[in-house]
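The values are calculated or read from the model by the stated rules, or taken from the named source; none is laboratory data. What you are looking at is a predicted structure, and each value in this text was computed from that prediction instead of being measured. Please note: Cβ atoms are built from the backbone with ideal geometry, for glycine as well, and neighbour counts cover all protein chains shown. Ligands, DNA and RNA are stripped out before the accessible areas are found, and what is left, the full protein with its side chains, is counted by its heavy atoms. Shrake-Rupley method; radii C 1.70, N 1.55, O 1.52, S 1.80 Å.
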Amino acid sequence: MTFQTIGHRGVMGVEPENTLRSFVRAERAGMDAIELDLHLSKDGALVVMHDTEVDRTTDGKGAIADRTLAELRELDAGGGQRVPVFEEVLDAVRSPLQAEIKDVAAARALAGVIRRRGLAGRVEVSSFHDGAVAEIAALVPGVRTVLIASRWGSDVVERARAVGAASLALNIRRVTLEVVERAHAEGLRVIGWVVNSQSQLRLARAFELDAVTTDFPEIRRTGRFTA
């Protein structure tokens, strides 16, 4: 498989993160896949937002879980964009998606959408939480999963294997050649996040990572020629 570039929350370096505009721009920039984050609203909608609270990325305040979808729709998510739900993203772009879930409840809601729309081949599911990865794999047999880690112990490859993950997504600032080689030996893909500079991109290529997540479209352009 060739080296892949994944748009982080769309292309959040140049557009409001986790908005339809950001996702459309990522697709137009030729990203191989688009990463996004999912939370459940008070009334159970799969909304696309990174934080548990709306404060940082909208003009509102408070927890996502305390607002209904209708209330979340009233917020400005940047540049006049509204907080999207997952199925709107599915309809707005055709790219493969990497959907990050925060807990088991979100895994169950996402599993319902994947099964209903037959998305196991298009949507890869990621999480920092081993239990959420295991849950989605059990609910949707055949779905590809990613275990994410920022800091990790010597057992990170074993953890990924234990929950049936196909890939490891590792913080590029802490990744080592040793863990990459161990993961590859176990048949796991390795994704580096978040790669936003040429030096980070060169490191990713030198370590023979399979993919990187980035905030900027230009990483996609230069990544094809960096080795």
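Over all other residues within a Cβ to Cβ distance under 10 Å of L36, the charged ones net out to -3, with Lys and Arg as +1 and Asp and Glu as -1. Helix content alone sets the calculated 222 nm mean residue ellipticity of the chain: runs of n ≥ 4 DSSP H residues at -39500 (n - 2.57) each, divided across all residues, give -9500 deg cm²/dmol. With Cβ to Cβ distances under 15 Å as the rule, what net charge do the other residues near D91 carry (K, R +1; D, E -1)? Result for the local shell: +3.
DSSP bridge analysis restricted to the chain gives an antiparallel fraction near 15%, rounded to the nearest 5.
Computed from point charges on the beta carbon alone (+1 for Lys and Arg, -1 for Asp and Glu), the dipole magnitude for the stretch 82-187 about its Cα centre is near 260 Debye. Which listed residue (A105, I172, L139) has the Cα farthest towards the positive end of the charge dipole for the stretch 32-176, taking +1 on Lys and Arg C-beta and -1 on Asp and Glu C-beta about the Cα centre? Going by the charge dipole, the pick is L139. Computed in the context of the full set of protein chains, the accessible area of the chain at 1.4 Å probe radius has 49% of its extent on carbon or sulfur.
Maximal additional length on extending the E53-T176 stretch stands at 41.0 nm, based on 0.36 nm per residue less the C-alpha distance.
What you get for the chain, charging only the Cβ of Lys and Arg (+1) and of Asp and Glu (-1), is a dipole of about 540 debye around the Cα centre. Charges on Cβ only, +1 for Lys and Arg, -1 for Asp and Glu, centred on the Cα centroid of the chain; of T2, V163, I191, which one is farthest towards the dipole's positive end? Looking along the dipole axis, the top candidate is T2.
Averaging Cα coordinates gives a centre for the stretch 2-70 and one for the stretch 146-199; these two points are 23 Å apart. Within 14 Å, Cβ to Cβ, of W152, how many net charges do the neighbouring residues add up to if Lys/Arg are +1 and Asp/Glu are -1? Net local charge, W152 excluded: +2. For the chain, the relative contact order comes to 19 percent (Cα pairs under 8 Å, sequence separation of at least 6).
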